[in-house]
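Some notes on the structure that comes next.
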Amino acid sequence: MDFRQIRMFVTVAGTRNFTRTAEILHIAQPAVSMAISRLEEELELILFNRRGRQVTLTAEGEVFLRHAERILGDVASAETEMAELKELTSGEVRIGIPPMMSSYYFPRVIRDFRVRYPHLRLSVTGEGAARIQRLIASGEIDMGVIAGSKVPEGLEYRRFLREEIVACVPALHPLAKRHSISPAEFLAEPLLLFKQGYYMRELVDDMLRDLRQQPQVVFETNLFSLVRSLVCEGMGVSTLLRMVAADEPRIVAVSFDPPLYLDLHVAWKADRYLSRANRAFVEFLMERIELYEPKE
């Protein structure tokens, strides 16, 4: 068994056609058939059901496919890592960042990273936490910023920030004079909520489940800037990070009782090789960002 046979096997499994495989690999079709037959002889197993021009995997072939894809992935990762043993003069960092963080926290991070590594490309996708996790899983982005104390299985991560979650109320609202409020008091107000898939929405949904209150939801959006503006206009109350509410004088940030904090992590798929460019970004993030540990 050699690497060439494994590559042919995986390609045939995908195309289900020997002729199409030959075209993709730029070789003669008989060479594909012979390589697969030789592989089956070496394994003493039938890997494909052959019906005319179409082929399908046998049960044994399905099992072998998982191993073959892992082998090809490992080889690709090895080739990438060896190529990156050179200086960091090229490469791309593809990261997903929730809109609230991309506007209020990461602009300076991105600027300073660019100064240190001027030859690296940085591509930022703005999505909610749930969407970011799906993009990491599919390989559309290399890593992403996710929130919460429970990181999904299959992700490797580093925590880089803890920030307080506050209730945001208009400056003239009766609750604006309070030092803190309970979740029940917050949920009794007209609510401006983020849409499903955003951590702030998950937080409010958890409150509702715990207290079994019927909420008065007056508006939903995935735009944090719109939420903040509508709070300013007196349409309702919402939750934001303290850093987001701090620079808007028409909003008062009120702590919850007990206080709520949001842990932010940079995460990537645990079973995938993280390129040197991506590792450089993670290391840069960890070395320059002071990890806040508020008193709870």
Criterion (at pLDDT below 90, closer than 24 Å to residue 273 by Cβ and within 35 Å of the chain's Cα centre (by Cα)) met by exactly one of 9, 64, 3: 3
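For residues that are part of a strand (DSSP E or B) and open to solvent by 60 Å² or more (accessible area, probe 1.4 Å), scanning just segment 229-283, find the one that is farthest from residue 187 (Cα to Cα).
That would be 258.
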Cβ-Cβ under 8 Å pairs, at least 6 apart or on other chains, segment 67-78 side within 19 Å of residue 13 (Cα to Cα), far side of a type in the set (D, E, K, R) and open to solvent by 50 Å² or more (accessible area, probe 1.4 Å): 72/7
Scope segment 129-176; condition within 9 Å of the chain's Cα centre (by Cα) and not hydrophobic (A, V, I, L, M, F, W, C); matching residues: 131, 133, 134, 142, 144
Criterion violated by residue 12 - all others in (1) open to solvent by 30 Å² or more (accessible area, probe 1.4 Å); (2) part of a helix (DSSP H, G or I) satisfied: (1)
Only one of 132, 136 that is farther than 30 Å from residue 188 by Cα, surrounded by 14 or more Cβ atoms within 10 Å (Cβ to Cβ) and touching a Pro at 6+ places or on another chain (Cβ under 9 Å): 132
Hey, residue 62 out of contact with any strand residue (DSSP E or B) (no Cβ under 7 Å at 6 or more places or on another chain), open to solvent by 70 Å² or more (accessible area, probe 1.4 Å) and on the phi > 0 side of the Ramachandran plot or not: no
Qualifying residue in segment 262-281 (condition: among the acidic types (Asp, Glu) and either under 16 Å from residue 200 (Cα atoms) or modelled with pLDDT of 95 or more (or both)): yes
Considering residues of segment 203-228 that are part of a strand (DSSP E or B) and touching a Pro at 6+ places or on another chain (Cβ under 6 Å) only, the residue most open to solvent (accessible area, probe 1.4 Å): 216
Qualifying residue in segment 153-167 (condition: farther than 30 Å from residue 278 by Cα, outside any helix (DSSP H, G or I) and either in contact with a strand residue (DSSP E or B) (Cβ under 7 Å, 6 or more places away or on another chain) or modelled with pLDDT of 90 or more (or both)): yes
Per-region count, segment 48-59, residues within 13 Å of residue 10 (Cα to Cα) and surrounded by 14 or more Cβ atoms within 10 Å (Cβ to Cβ): 3
Of all residues making up segment 20-47, the number that are assigned to a helix (DSSP H, G or I), open to solvent by 60 Å² or more (accessible area, probe 1.4 Å) and farther than 17 Å from residue 60 by Cβ: 6
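The values are calculated or read from the model by the stated rules, or taken from the named source; none is laboratory data. What you see is a predicted model, and the numbers here were worked out from it, not measured in a lab. Backbone-built Cβ (ideal geometry, glycine too); neighbour counts: all protein chains shown. Ligands, DNA and RNA are stripped out before the accessible areas are found, and what is left, the full protein with its side chains, is counted by its heavy atoms. Shrake-Rupley method; radii C 1.70, N 1.55, O 1.52, S 1.80 Å.
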